[in-house]
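Visitor: The structure follows.
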Amino acid sequence: MGWNSWNHFAEKVTDADVRAAADAIVASGMRDAGYIYVNIDDTWQGDRDASGVIHANSKFPDMKALADYVHSKGLKIGIYSSPGPQTCARYAGSYGHEEQDAKTYAEWGIDYLKYDLCSFGELMKKESGRDPVKAFAMQKAAYEKMHKALLATGRPIVYSLCQYGWNNVWEWGTDVGGNVWRTTGDISDNYSRMAEIGFSQAGLAKYAGPGHWNDPDMLEVGNGGMTEDEYRQHMTLWAILAAPLLAGNDLSKMSPSTLAILTNREVVAVDQDPLGKQGDRVSAVGPTEIWSKPLSNGAQAVALFNRADTEKSISFRPRDIGFAKGFKLRDLWLGKDVTTNGDTYIAIVPAHGAVLLKVSR
Ligand code: GLA
């Protein structure tokens, strides 16, 4: 859990923005809700010096000082690079400098690396003669190379693979040392893209677990392109998916409703449940879907999603997921216990909204 600069600041991000994010994550209570990583995405890179050591550009005058500042707040700091010669925004990537870069990151005090395929994809095409088997082998080798370089630093650094889910990365992400891997192309701050990405995650649950997670991309909550109900659906879906929760909004200008969505303790607890199981779809009837996620102590989280643009009534029978009687039902967004009518719970779910329940004994 944490924050990443890309979704709001994109190429404009500066040292001051990252410091402001660190300040706000503490002042808003987000740190105490679990948001710990403050991650700088693309466009921090400057030139390499004569010996090949990477330096930050003028937007980031002193990375070590920035890392010290973020650490002084009880937070961790992340950075971004590419196995290719250039990142997606055409800044310097780590190609041919993997060990050197890993060492530099460790010296700065970096705790998290997002490693984005970008221009390495072009290299793969060229050098493999468009042979997909060769290209795939190149890709795996590139990710493994940086994994080994990070290990060699002796500093624990979370390793986040970003290659948009190509070649079913969930099947081999752990083999190359990934702790988390993007399963999709980029999210954007609108309902149709968020829903397209989020609901496409059905079937991937078995690949996630402690230390190795599927990542359907960062949160857009609070960026302004969706309604409150849509952001609540976004957060509910990410919690059911045990997805990394990396806020992507401007934390220094956050509305109370954005903060409430990001920090609802009972919803965050579903995402972060120590059992470490990702949830999956149980049923879909037209635009309404029911998903569930196993939680510790035999409990289950159950999400009722309405993808339609009108309000829908959604019925859920706890017995369908193994709770016949003597169970407790709680609406986590409302923060209150609720009861079934007979053996059915019926929720009126707003357009593009979600209800998140916890069923426990
Ligand atoms: C890719 C990634 C994004 C972001 C940008 C930065 O598109 O998928 O998450 O890191 O690059 O250029």
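Visitor: Kindly state which helices (runs of 4 or more DSSP H) lie completely within segment 173-264 and contain at least 3 residues that are within 16 Å of the ligand (Cβ to nearest atom) and either buried (at least 24 other Cβ atoms within 10 Å of the Cβ) or modelled with pLDDT under 95 (or both).
Guide: In segment 173-264, there are no helices (runs of 4 or more DSSP H) which contain 3 or more residues that are within 16 Å of the ligand (Cβ to nearest atom) and either buried (at least 24 other Cβ atoms within 10 Å of the Cβ) or modelled with pLDDT under 95 (or both).
Visitor: If Arg130 meets every condition in (1) within 26 Å of Ala10 (Cα to Cα); (2) at pLDDT below 95 apart from one, which number is that one?
Guide: (1)
Visitor: If you don't mind, another one. Checking the structure you have, find out if any residue of segment 156-165 is in contact with a Ser or Thr (Cβ under 8 Å, 6 or more places away or on another chain), over 14 Å from Met124 (Cβ atoms) and not in a helix (DSSP H, G or I). First the steps, then the outcome.
Guide: Going through segment 156-165, the residues in contact with a Ser or Thr (Cβ under 8 Å, 6 or more places away or on another chain) turn out to be 164-165.
From what's left, over 14 Å from Met124 (Cβ atoms): 165.
Right, trim to not in a helix (DSSP H, G or I) and you get 165.
Yes, segment 156-165 contains a residue that is in contact with a Ser or Thr (Cβ under 8 Å, 6 or more places away or on another chain), over 14 Å from Met124 (Cβ atoms) and not in a helix (DSSP H, G or I).
Visitor: Additional query: Quickly run through segment 301-327 and pick out the residues that are under 22 Å from Gly198 (Cβ atoms) and at pLDDT below 95.
Guide: Scanning segment 301-327 gives a single hit, Ile321.
Visitor: Among all residue pairs at least 6 apart or on different chains, which show Cβ distances below 8 Å where the first residue, located in segment 149-175, is farther than 24 Å from Gly2 by Cα and the second is outside any helix (DSSP H, G or I) and within 16 Å of the ligand (Cβ to nearest atom)?
Guide: From segment 149-175, the pairs are Trp166/Leu117.
Visitor: Being under 19 Å from Arg232 (Cα atoms), touching an Asp or Glu at 6+ places or on another chain (Cβ under 9 Å) and not aromatic (Phe, Trp, Tyr) is the filter here, so list the residues in segment 323-336 that pass it.
Guide: Arg330, Asp331, Leu332, Gly335
Visitor: Hey, another quick one. Ala141 versus (1) at positive phi; (2) at pLDDT 95 or above: which is the lone unmet condition?
Guide: Checking Ala141 against (1) at positive phi; (2) at pLDDT 95 or above, the one that fails is (1).
Visitor: Taking segment 92-102 as the region of interest, how many residues are in a loop (DSSP other than H, G, I, E, B) and either within 16 Å of the ligand (Cβ to nearest atom) or buried (at least 22 other Cβ atoms within 10 Å of the Cβ) (or both)?
Guide: Of the residues in that region, 3 qualify.
Visitor: Is it true that some residue in segment 277-300 is more than 21 Å from Asp32 (Cβ to Cβ), at pLDDT below 95 and not in a loop (DSSP other than H, G, I, E, B)?
Guide: no
Visitor: List every residue pair whose Cβ atoms lie under 9 Å apart, where the two residues are 6 or more positions apart in sequence or sit on different chains, the first residue falls within segment 117-141 and is free of Cβ contacts under 8 Å to residues at least 12 places away in the same chain and over 22 Å from Thr183 (Cβ atoms), and the second residue, located anywhere, is more than 16 Å from the ligand (Cβ to nearest atom) and not in a helix (DSSP H, G or I).
Guide: Lys134/Ser128
Visitor: If I ask for residues that are within 11 Å of the ligand (Cβ to nearest atom) and out of contact with any Leu (no Cβ under 9 Å at 6 or more places or on another chain), which ones from segment 159-172 would you list?
Guide: Across segment 159-172, the qualifying residue is only Gly165.
Visitor: Select from segment 303-361 the residues that are surrounded by 21 or more Cβ atoms within 10 Å (Cβ to Cβ), assigned to a loop (DSSP other than H, G, I, E, B) and either among the hydrophobic types (A, V, I, L, M, F, W, C) or on the phi > 0 side of the Ramachandran plot (or both) and list them in ascending order.
Guide: Phe323, Leu332, His352
Visitor: Moving to a separate point now. Any idea which of (1) under 16 Å from Trp6 (Cβ atoms); (2) touching a strand residue (DSSP E or B) at 6+ places or on another chain (Cβ under 8 Å); (3) not charged (D, E, K, R) is the one Met63 doesn't satisfy?
Guide: Evaluating Met63 over (1) under 16 Å from Trp6 (Cβ atoms); (2) touching a strand residue (DSSP E or B) at 6+ places or on another chain (Cβ under 8 Å); (3) not charged (D, E, K, R) leaves (1) as the failure.
Visitor: While we're on this one: Please note which helices (runs of 4 or more DSSP H) are completely contained in segment 2-91 and include at least 2 residues that are surrounded by 22 or more Cβ atoms within 10 Å (Cβ to Cβ) and at pLDDT 95 or above. Talk me through it step by step, then tell me what you get.
Guide: Details: elements: 6-9, 15-27, 30-33, 63-72.
Qualifying helices (runs of 4 or more DSSP H): 6-9, 15-27, 63-72.
Visitor: For segment 30-45: of the residues being of a type in the set (Phe, Trp, Tyr) and within 15 Å of the ligand (Cβ to nearest atom), which is nearest to Leu75 (Cα to Cα)?
Guide: Taking segment 30-45 first, the residues of a type in the set (Phe, Trp, Tyr) are 35, 37, 44.
With the extra rule that they be within 15 Å of the ligand (Cβ to nearest atom), the set shrinks to 37, 44.
Numbers: Tyr37: 6, Trp44: 19 Å.
If we take residues in segment 30-45 being of a type in the set (Phe, Trp, Tyr) and within 15 Å of the ligand (Cβ to nearest atom), then Tyr37 is nearest to Leu75 (Cα to Cα).
The values are calculated or read from the model by the stated rules, or taken from the named source; none is laboratory data. Predicted model only: the values in this text are computed from it and were never measured. Note: ideal-geometry Cβ built from the backbone for every residue, glycine included; neighbour counts use all protein chains shown.
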